[in-house]
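The values are calculated or read from the model by the stated rules, or taken from the named source; none is laboratory data. The shown structure was predicted, so the numbers you read here are calculated from the model rather than taken from an experiment. Note: ideal-geometry Cβ built from the backbone for every residue, glycine included; neighbour counts use all protein chains shown.
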Amino acid sequence: MTLHLPHRFVHEQPRQNTVLDLSALGTDNSSIEDALRAVMDQPHLRLVGFRCTSGAIDDAIGLMERVRRDYGVILTELVLQENDRVDLREVVDEALDEACARNRCPRPSVVFAGHPAEPGLSALTKS
């Protein structure tokens, strides 16, 4: 005997929020595009933002705008990988304001994270 359930009883897997680590991909545009396409093509993944260093904020925001334009997805998180977090708030605020204004992109939430060798993401502060 086979039991056929109406579609409403079949539970879909929730989509997993995903942050793409741009610093691990380097500066090669094709590897960034390949990684981006791989995440966007997975039905169980939801890209929510990027991980990068504070020096790459402008590039990350530009890429966020490209994702919005190409995929119709607004990314809302930026995870900054920094070992020295002293006095970064002003630098990050200024870089975000300029990049978001130039790209007409909404300002993402920012998380400062520890070194990638540390177990897990040690979120220290949000701005």
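Residue by residue, here is whether (1) touching a residue at least 12 places away in the same chain (Cβ under 8 Å); (2) surrounded by fewer than 16 Cβ atoms within 10 Å (Cβ to Cβ) holds:
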| site | (1), (2) |
| --- | --- |
| ALA38 | no, yes |
| ASP41 | no, yes |
| ALA60 | yes, no |
| ARG69 | no, yes |
| ILE74 | yes, yes |
| ALA99 | yes, no |
| ARG107 | no, yes |
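Scanning region 52-86 for residues that are under 11 Å from LEU22 (Cα atoms) and either at pLDDT 90 or above or part of a helix (DSSP H, G or I) (or both) gives ALA56, ILE57, ASP59, ALA60, LEU63.
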